[in-house]
Structure formats: structure tokens, C-alpha cells
Amino acid sequence: KELPLFTAGRMDHEVCGKFQETLRVLTERCADATGLAFCGGGEVAFRFLSAGTRLKPHCAITNVRLTCMLGIDVPLGAEPGITVGGEPPRLWAEGRCLVFDDSFEHFEELDELADGDLAVLVLHFWHPAFEHKNDPDWKVKALQSELIGAGS
């Protein structure tokens with residue numbers, strides 16, 4: 001289950017109204033995340049996983065962004081965590097961020113023996129090497145430049 005604050009190029013005012021301190025921190029300190037969301041290239045959302053949940057492997061279609069997952073409420077037994085690109089799983093921890101390039105296949109999983117639900121804040125933000133941040137035409141420019149690092 002997800003509770004989006006920013007998605008599809010807009011802010012959900014009703015949800016953001018319930019999380020005013022989170023909204024303040026995001027707008028003051030996470031401009032690359034809110035900027036990307038307003039440009040339609042990502043989202044900022046609370047994600048909740050129940051014990052025994054395993055999301056299907058998925059990936060972004062471009063590498064112009066990175067993903068950060070901040071552990072908010074991590075139950076005991078919250079393994080295995082998130083697996084990215086076939087690497088060993090990264091474990092969830094409260095107050096700790098897991099940052100990765102979501103153009104690599106990845107999936108989240110919460111052990112069936114976990115003693116509660118997992119809550120994380122998911123932020124997509126501009127890749128530091130992407131030159132067209134917050135440009136309304138970023139999608140076209142990303143394709144024209146063959147994405148970050150292509151041809152290098």
C-alpha cells in the first residue's frame with residue numbers, strides 16, 4: 001500500500017496536510033525529490049508492507065533518477081529487505097536510508113515472521129549527473145542524450 005505526497009506531477013494536498021512537518025522538510029531539504037515529482041518523473045510516498053509481502057521485481061525505464069527509502073517503522077524480523085540487481089539484500093533499519101539506482105531490477109520483501117508492518121518513505125530524486133533537472137522537457141532531452149553515461 002502507498003500513500004503518495006507527490007506523484008504524477010502534483011502534490012496531494014489532503015495527504016500533505018496530515019504530514020506538515022514531513023512536507024516542510026521535503027520542500028526545504030529535498031528539492032531534487034519534489035522537483036522530479038512535479039516534473040512527472042518520480043514520487044514521494046509512504047509505502048507500507050505487511051509481513052510475508054514480496055513485491056514483483058521491477059525497474060525504472062531510465063537512469064535519470066535515484067531512489068531513497070527511509071525506514072520509518074521497521075518491525076523485528078524485517079528481513080530480507082530490498083534486493084537490487086542481484087546483489088545480497090539490503091536490510092531495513094529505522095532512521096536509515098537505502099539509496100539505489102532503480103533502473104536496475106529490484107524488489108522489496110518483508111519476512112512472514114516480521115512482528116508488524118514495515119513503513120518507509122520512498123523518495124525518487126534526480127541523478128546527480130543528469131543535466132536537465134526540473135526542465136519540463138527533461139524526458140525528450142534524456143532520450144536525445146541517450147541517458148546518462150551512454151556513449152561514454
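The values are calculated or read from the model by the stated rules, or taken from the named source; none is laboratory data. As the structure is a computational prediction, the values presented were derived from the model and not from experiment. Quick reminder, even Gly has a Cβ in these numbers, built from the backbone with ideal geometry, and neighbours come from all protein chains shown.
Being under 23 Å from Thr27 (Cβ atoms) and without any contact (Cβ under 8 Å) to a residue 60 or more places away in the chain is the filter here, so list the residues in the range 98-127 that pass it. Scanning the range 98-127 gives Leu98, Val99, Asp102.
Only one of the numbered conditions (1) modelled with pLDDT under 95; (2) surrounded by fewer than 18 Cβ atoms within 10 Å (Cβ to Cβ); (3) of a type in the set (Phe, Trp, Tyr) is not met by Trp92, and that is (2).
Applying the criterion of being in contact with a Gly (Cβ under 7 Å, 6 or more places away or on another chain) and small (Gly, Ala, Ser) to the residues of the range 58-108, the residue that is nearest to Pro136 (Cα to Cα) is Gly71.
Across the range 90-122, the number of residues qualifying as over 20 Å from Ala33 (Cα atoms) and not in a strand (DSSP E or B) comes to 12. Within the range 20-49, being within 23 Å of Gly85 (Cβ to Cβ) and in a loop (DSSP other than H, G, I, E, B) holds for Gly41, Gly42, Glu43.
A quick yes/no check of all residues on (1) at pLDDT 95 or above; (2) crowded, with 19+ Cβ neighbours inside 10 Å; (3) touching a strand residue (DSSP E or B) at 6+ places or on another chain (Cβ under 6 Å); (4) β-branched (Val, Ile, Thr):
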residue	(1), (2), (3), (4)
Val64	no, yes, no, yes
Gly77	no, no, no, no
Arg96	yes, no, yes, no
Phe100	yes, no, yes, no
Asp115	no, no, no, no
Leu121	yes, yes, yes, no
His124	yes, yes, yes, no
His132	no, no, no, no
Pro136	no, no, no, no
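Does Gly52 fit the bill of being at positive phi, exposed (fewer than 14 other Cβ atoms within 10 Å of the Cβ) and either under 12 Å from the mean Cα position of the chain (by Cα) or not in a strand (DSSP E or B) (or both)? Considered against the rule, which asks whether it is at positive phi, exposed (fewer than 14 other Cβ atoms within 10 Å of the Cβ) and either under 12 Å from the mean Cα position of the chain (by Cα) or not in a strand (DSSP E or B) (or both), Gly52 comes out as yes. Does Thr62 meet the test of being within 17 Å of the chain's Cα centre (by Cα), in contact (Cβ under 8 Å) with a residue 24 or more places away in the chain and in a loop (DSSP other than H, G, I, E, B)? So Thr62 passes the test.
Against the list (1) over 30 Å from Asp115 (Cα atoms); (2) touching a helix residue (DSSP H, G or I) at 6+ places or on another chain (Cβ under 8 Å), the condition Leu3 fails is (1). Here Ala119 meets each of (1) more than 30 Å from Gln144 (Cβ to Cβ); (2) over 14 Å from the mean Cα position of the chain (by Cα); (3) small (Gly, Ala, Ser) with one exception, condition (2). Candidates in the range 74-89 are the residues that are within 17 Å of the chain's Cα centre (by Cα) and not in a strand (DSSP E or B); of these, the one that is farthest from Asp117 (Cα to Cα) is Gly85. If you scan the range 1-15, which residues turn out to be more than 16 Å from Val120 (Cα to Cα) and in a helix (DSSP H, G or I)? Of everything in the range 1-15, those that are more than 16 Å from Val120 (Cα to Cα) and in a helix (DSSP H, G or I) turn out to be His13, Glu14.
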